[in-house]
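Written below as structure tokens is the structure these notes are about.
Derivation of every value follows stated rules applied to the coordinates shown; laboratory data play no part. Quantities reported herein were computed from a predicted structural model and do not represent experimental measurements. Every residue, glycine as well, gets a Cβ built from its backbone with ideal geometry; the counts of neighbours run over all protein chains shown.
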Amino acid sequence: MKKHSIALIIALMIGSFVYAQNETDALRYSHLTPGGTARFAAMGGAFGALGGDFSSLSINPAGIGVYRGSEITVTPSLNYSRVETRYFNNFEDDMKYNFNLNNIGVVLTLPTSKPGEEGGWQFVNFGFGLNRHNNYNDRWIARGFNPNNSFMTSILEEARREGSVDRLNDFSTGLAWDTWLLGKDDVEGFFVDMPDGHVMQHQETNASGAIREFVISMGANYNDRLYLGATVGLPSVKYEEENVFSEKDIENRNDIFNSLTYTNSLKTSGSGYNFKVGAILRVTDMLRLGGAFHTPTFYSLKDKYRASMRSDMNLPDYTDFARSPEGRFDYEINTPMKAIGSVGLVFGRSGMINVDYEYVDYTKARLRSSEYLFSDENNLIRSSFAQQHNVRVGGEVRLDPVILRAGYAYYSSPYESNVNDGQRSLVSAGFGIREGDFFLDFAYTYAFYSEDYFIYTLENGGPIANRDFTASAFRATFGFRF
């Protein structure tokens with residue numbers, strides 16, 4: 001039971017109903033979609049060779065060395081997500097809104113040379129603040145008539161693996177036993193009603209949370225040609241998910257079973273640390289080259305989870321509701337290292353273009369705990385995930401005092417198999433206004449991707465819901481230079 005409970009948390013083992021989905025916890029917190037200012041978002045997050053924007057402190061810290069004046073930025077954001085689901089040829093959709101603070105930051109510049117003095121170190125700059133990554137807020141529904149199996153098929157397979165009543169799982173089979181959905185006799189052993197399906201199934205999932213990274217950065221400018229920087233990142237994680245699954249015998253095929261409802265909740269919180277270094281070389285007045293390296297992020301996380309089950313049976317006296325104890329588990333996740341190469345073109349005061357290439361090997365993610373050896377789960381990470389190649393392209397055109405921006409980002413699939421592609425795309429656009437020491441930027445981003453989700457798992461796979469995600473975000477950055 002201990003092993004199964006841990007598998008429920010980390011979403012890796014086949015026997016888990018609730019979190020046996022394509023995104024594992026290791027991938028959820030390793031896969032980073034960077035956030036920050038509206039200018040950064042409007043250009044698709046492509047700033048590796050440009051710098052001069054607070055968001056670059058989380059991408060290429062050398063970007064802080066480009067600053068020649070101090071700055072404060074604040075970026076509120078409105079997010080809207082929509083998920084379309086197809087399950088047994090039935091279509092459903094749902095949506096969710098979320099308002100958040102995507103960025104708040106301060107950069108302080110300290111000249112190290114005298115006015116008019118050329119050559120040598122020009123500035124040493126410091127920055128600190130918050131960038132918000134990975135918007136986990138979404139809500140989706142799957143509903144359809146399953147003629148092949150039921151959730152109780154999964155419960156039956158799990159109970160037979162566990163073997164006896166005293167070994168039943170407090171979060172699944174034990175609840176089914178307590179609500180009379182799972183029975184046992186001396187001839188057949190464990191049994192359930194309607195294991196062959198012909199039930200109407202309905203699932204609703206509501207998720208929320210994000211990764212918020214507090215950054216402390218230092219950078220320097222050498223002769224307006226070489227910019228160096230380093231960032232200490234202190235990310236914090238908050239993720240919550242609730243799943244409500246139900247199924248019903250709408251054809252009245254069974255004399256006893258009418259319906260069941262199974263509810264699960266998960267809350268994950270914790271923090272970590274990482275280190276980033278980077279450099280930008282201004283080869284000519286037009287051409288800039290950038291490079292950055294990110295160490296793994298070392299997360300310490302805490303999960304709290306609970307489950308309940310309710311049954312509706314044609315029985316005179318029985319227990320129709322049961323709740324599990326609250327599960328708790330502490331563990332660690334080490335995300336993969338990351339390397340970024342960038343090319344930027346600056347056309348004087350007319351505009352600029354930047355291209356970032358990002359390499360991440362998700363097979364290097366690792367789960368760790370002093371209470372449990374994650375050998376099987378880490379082996380599954382090595383065999384299931386792949387190297388990811390990401391590209392971000394963005395640019396801006398200056399029509400003083402208005403600046404127009406646009407961008408595109410592509411994140412390749414992190415999965416070894418093409419069964420679930422998982423590739424993501426993002427398009428963006430925006431504009432900014434500069435007036436003296438004040439500036440105001442707006443951005444709109446639209447991200448989209450598709451993936452499959454196992455409603456529950458069986459020894460031969462289990463029913464799959466096809467999900468199409470779209471996410472829109474509106475950001476506004478208010479800035480002041482001093």
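Quick one: the Cα spread of region 207-269 along its three principal axes, in angstroms, biggest first?
84, 21, 10
For region 430-482, with only Lys/Arg (+1) and Asp/Glu (-1) charged at the beta-carbon, what is the dipole magnitude about the Cα centre, in debye rounded to 20?
260 debye
In whole angstrom, note down how far apart the Cα centers of region 384-423 and region 281-320 are.
What the calculation gives is 20 Å, centre to centre.
Enter the angle in degrees (range 0 to 90, nearest 10) between the Cα long axis of helix 375-384 and the first principal axis of the Cα atoms of the chain, meaning the one along which they spread out most.
That helix lies at roughly 70 degrees to the long axis.
To the nearest 0.05, how large is the calculated FRET efficiency for TYR80 and ASN460 if R₀ is 41 Å and r is the Cβ-Cβ distance?
Once the sixth-power term is evaluated, E becomes 0.60.
Volume per residue, Å³, of the convex hull around the alpha-carbon atoms of region 43-185? Display every interim value, and only then the final one.
Working: hull volume 31.4 nm³, N = 143.
Dividing the Cα hull volume of region 43-185 by its residues yields 219 Å³.
Where the convex hull is taken over the Cα atoms of region 127-171, what is its projected area averaged over directions, in nm²?
Result: a mean projected hull area of 7.2 nm².
Provide the gained length on full extension for the span ASP93 to SER300, in nm with one decimal, where the gain is 0.36 nm per separating residue minus the Cα-Cα distance.
71.0 nm
With equal scatterers on the alpha carbons only and no solvent term, can you work out the Debye log10 of I(q)/I(0) for region 132-246 at 0.13, 0.15, 0.20 1/Å?
Debye curve over Cα of region 132-246, log10 I(q)/I(0) at q = 0.13, 0.15, 0.20 Å⁻¹: -0.71, -0.83, -1.06.
Can you pull the semi-axes for region 204-321, root of five times each eigenvalue of the Cα gyration tensor, sorted largest first, whole Å?
Whole-Å semi-axes of the equivalent ellipsoid: 57, 16, 8.
For VAL427 and SER70, compute 0.36 nm times the residue count separating them, minus their Cα-Cα distance, and round to one decimal in nm.
So the chain would gain 125.5 nm between VAL427 and SER70.
Dividing the Cα convex hull volume of the chain by residue count, how many Å³ per residue is that?
Per-residue hull volume (Cα only) is 135 Å³.
Taking 20 °C and 1.002 mPa s as the conditions, I'd like the Stokes-Einstein D for region 274-318 in µm²/s, using the Kirkwood hydrodynamic radius from alpha carbon pairs.
126 µm²/s
Residue farthest toward the positive end of the dipole of the chain, with Cβ of Lys/Arg at +1 and Asp/Glu at -1: which of ALA339, TYR239, ASN169?
ALA339
About the Cα centre of the chain, what is the dipole size in debye to 20, counting +1 per Lys and Arg Cβ and -1 per Asp and Glu Cβ, all else neutral?
The dipole magnitude comes to about 2300 debye.
Would you compute, from DSSP H runs of 4+ residues alone, the mean residue ellipticity of the chain at 222 nm, taking -39500 (n - 2.57) per run and dividing by the full residue count, rounded to the nearest 500?
Working: 6 runs with 48 residues, N = 482.
Result for the chain, helices only: -2500 deg cm²/dmol.
Identify, among SER350, PHE321, ASN102, the residue whose Cα sits farthest towards the positive end of the charge dipole of the chain, taking +1 on the Cβ of Lys and Arg and -1 on the Cβ of Asp and Glu, with the dipole about the Cα centre.
SER350
At TYR410 and GLU117, where each label point lies 7 Å from the Cα along Cα→Cβ, what is the point-to-point distance in nanometres?
Placing both labels 7 Å along Cα→Cβ, they lie 4.8 nm apart.
Sorted from fewest to most neighbouring beta carbons within 10 Å, what does the list ILE333, ILE104 look like? Show your work: numbers first, answer last.
Working: ILE333 26, ILE104 18.
With the fewest neighbours first, ILE333, ILE104 line up as ILE104, ILE333.
For ASP224, enumerate residues with amide H under 5 Å from its amide H, sequence gap 5+ or separate chain, H modeled in the peptide plane.
Here GLN122 satisfy the definition.
Hey, quick one: spin label on ILE250, modelled 7 Å out along Cα-Cβ, who in region 462-480 has an amide N within reach, i.e. under 18 Å?
Label zone hits: 463-466.
Where the Cα atoms of region 341-482 are projected onto their three principal axes, how long is each span, largest first, in whole Å?
64, 32, 28
Compute the length gained on full extension between ASP285 and VAL187: take 0.36 nm times their separation in residues and subtract their Cα-Cα distance, giving the result in nm to one decimal.
Fully extending the segment from ASP285 to VAL187 adds 26.9 nm.
State to the nearest 20 debye the size of the charge dipole of region 70-110 about its Cα centre, where the only charges are +1 on K and R beta carbons and -1 on D and E beta carbons.
Once rounded to the nearest 20, the dipole reads 40 debye.
Given a cut-off of 23 Å, what percent of all Cα-Cα pairs of region 245-401 lie beyond it?
Beyond 23 Å sits 65 percent of the P(r) for region 245-401.
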